[in-house]
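Working notes, beginning with the structure itself.
The values are calculated or read from the model by the stated rules, or taken from the named source; none is laboratory data. Given the structure is predicted, the values throughout are model-derived calculations rather than measurements. As a convention, Cβ positions derive from the backbone with ideal geometry for all residues, glycine included, and neighbour counts pool all protein chains shown. Only protein heavy atoms, including side chains, enter the accessible area calculation; ligands, DNA and RNA are left aside. Shrake-Rupley method; radii C 1.70, N 1.55, O 1.52, S 1.80 Å.
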Amino acid sequence: MSNLDHLAGLLAAARRAGADQADALLASGTSVSVGRRMGKIEEIERAETNNIGLRVFVGKRSAIVSTGAVDPASFDRLAEQAVAMANVVPEDQFADIPDAPPPEDAGVLDMDDPVEPGTDILMARAAAAEEAALAFPGITNSGGSGASWSRSHVALATSRGFAGAYSRSGHSVSVSPIAGEGIAMQRDYEYASAVHGNDLDDPAMLGRIAAERAVSRLNPARPATAKLPVVYHPRVAGSLLGHFTGAINGSGIARGTSFLKDAMGKPVFASGISIIDDPKRVRGMRSRAFDGEGQRVERHALIEDGVLTTWLLDSRSAAQLGLKTTGHASRGTSGPPSPAASNLYIEPGALSAEALIADIKLGLYVLELIGMGVNGITGDYSRGAAGFMIRDGKIAEPVAEITIAGNLREMFMHLTPANDLEFKRGTDAPTLRVEGMTMAGG
């Protein structure tokens, strides 16, 4: 039986058990990973998963059950359990299963690489990354390297007549070299991921980049506390977009627990800034043919010329706010849908990263962030950081054990992007400069 056939059988079981409405999700996948350290393969793992979940509605009461055993013989029992649970929970006037149009063709998104690499290819990728790192002068040890491949399949069906499925593949390489000796050691890392293997960055290049960065971080200082511009390297700049989408998540807006709850239609970023969510990017890391409720997905400019244009909504949060879903529902087999972004990025600016810092007399260049000290209600921001000082427009000495702090409202309004955007992570940003933050050091 196909995945959609399994879901049709589970929905039929839900109807027999007395459900008024139901939807079912099947998620399966295969993954292979290898790990290597100091020239030796330390692990080779292969995992296969197969999970199915059923959500039933009895009136306005709902419940979810899930299992890792996709066995049609158990569907009636599973459905009876779900209906029994739904009968004893409180009503939710906003939860529902929305109508959905037929799914669009997932093939145009080119999300599934037909080539499955063998473990020999994965081992070669991991070896190339680590060997390049270990060959760099000053590298004394290795935290290891790894390579992986995965393919996942998602199928969704609802009692409203929607039925759709798509597949996604993923390749990744990572490496973590160590420089120095004893208590003076410093580590760094680099990684790459892609939907298709032939889009993956050169592993040896990743090893060299990580090694050069680890060596450059030796003997860090703790600078004096100061108020200064902070420049975020692209690998950490995307975290600011994560804080932003958390603040426009429809669930938080409906509860009134976001510092941007009153910001719709108002400037949130400086003029000229645009932030895009594009679930239809070809070979995108988070592209999808439909959302977690079967809704059509579209490219959205969440921020356009600095102005907030939309919330991230699923059907429940949309109903709470008297709006329509934006096609941002995301879900797993064991929980209800909730809003989430897909391929998220901030459009690049006009200046190079070098030009962006050229006029900074004293600033901080952040390579690593630690902790999650962000208050979603007030926007207060405080995170541990490491990186380099900026002096007279140039990257200077390494620094560590510092904290950077500000308020996201002010940070967003005083943010400038460079022109070095690359699509590598699913949430992507170029180098970002934020004015007027507080750096707490020694």
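In whole percents, the pair-distance distribution calculated for segment 133-172 from its alpha-carbon pairs, binned every 5 Å from zero, is 6, 15, 14, 9, 11, 9, 9, 7, 6, 6, 4, 4, 1. As a length-normalised measure over Cα pairs under 8 Å and 6 or more apart, the relative contact order of the chain settles at 15 percent. Of the whole protein surface, E347 contributes about 70 Å² of accessible area at a 1.4 Å probe radius. Charged side chains reduced to their Cβ positions (Lys and Arg at +1, Asp and Glu at -1) give segment 19-167 a dipole of some 420 debye around its Cα centre. Shown are K227, K60, whose ranking by accessible area with a 1.4 Å probe and every protein chain present, most to least, is K227, K60. If you count Lys pairs in the chain whose Cα atoms are under 24 Å apart, skipping same-chain pairs closer than 8 places in sequence, the total is 8. Gyration tensor over the Cα atoms of the chain: the corresponding equivalent ellipsoid has semi-axes (square roots of 5 times the eigenvalues, largest first) of 41, 29, 18 Å. Backbone geometry of segment 383-395 corresponds, through the Karplus equation with coefficients 6.51, -1.76 and 1.60 at θ = phi - 60°, to 3J(HN,Hα) couplings of 9, x, 8, 8, x, 9, 6, 10, 10, 6, x, 10, 5 Hz, x marking Gly and Pro.
The residue list G272, M439, M38 was ranked by how far each Cα lies along the charge dipole of the chain toward its positive end, using unit charges on Cβ atoms, and M439 comes out on top.
When the chain is described by a simple charge dipole with +1 on each Lys and Arg Cβ and -1 on each Asp and Glu Cβ, the residue from S152, F94, S330 located farthest towards its positive end is F94.
Each residue of segment 231-239 was assigned a 3J(HN,Hα) from its phi angle through the Karplus curve 6.51 cos²θ - 1.76 cosθ + 1.60 (θ = phi - 60°); the sequence is 10, 9, 4, x, 6, 10, 5, x, 4 Hz, with glycine and proline shown as x.
Gyration tensor analysis over the Cα atoms of segment 112-251 returns equivalent ellipsoid semi-axes of 35, 26, 10 Å (largest first, whole Å). Proximity of backbone amide H atoms, modeled 1.01 Å from N, is registered between A263 and no other residue at under 5 Å, excluding neighbours fewer than 5 places apart on the same chain.
When only alpha carbons are used to place a centre, segment 349-409 and segment 120-164 end up 29 Å from one another.
With all protein chains in place and ligands, DNA and RNA left out, the 1.4 Å accessible area ranks T30, T431 as T30, T431, largest first. Charges were assigned to the Cβ only: +1 to each Lys and Arg, -1 to each Asp and Glu. The resulting dipole of the chain about its Cα centre is roughly 800 debye. Across segment 56-108, Cα-Cα pairs more than 15 Å apart make up 60 percent of the total. In this entry, segment 66-151 is assigned a mean projected area of 12.8 nm², taken as a quarter of its C-alpha convex hull surface. When only the Cβ of Lys, Arg, Asp and Glu is charged (+1, +1, -1, -1), the dipole of segment 276-334 relative to its Cα centre reaches about 300 debye. When the helices of the chain are scored as -39500 (n - 2.57) per DSSP H run of n ≥ 4 and the total is divided over every residue, the value at 222 nm lands at -6500 deg cm²/dmol.
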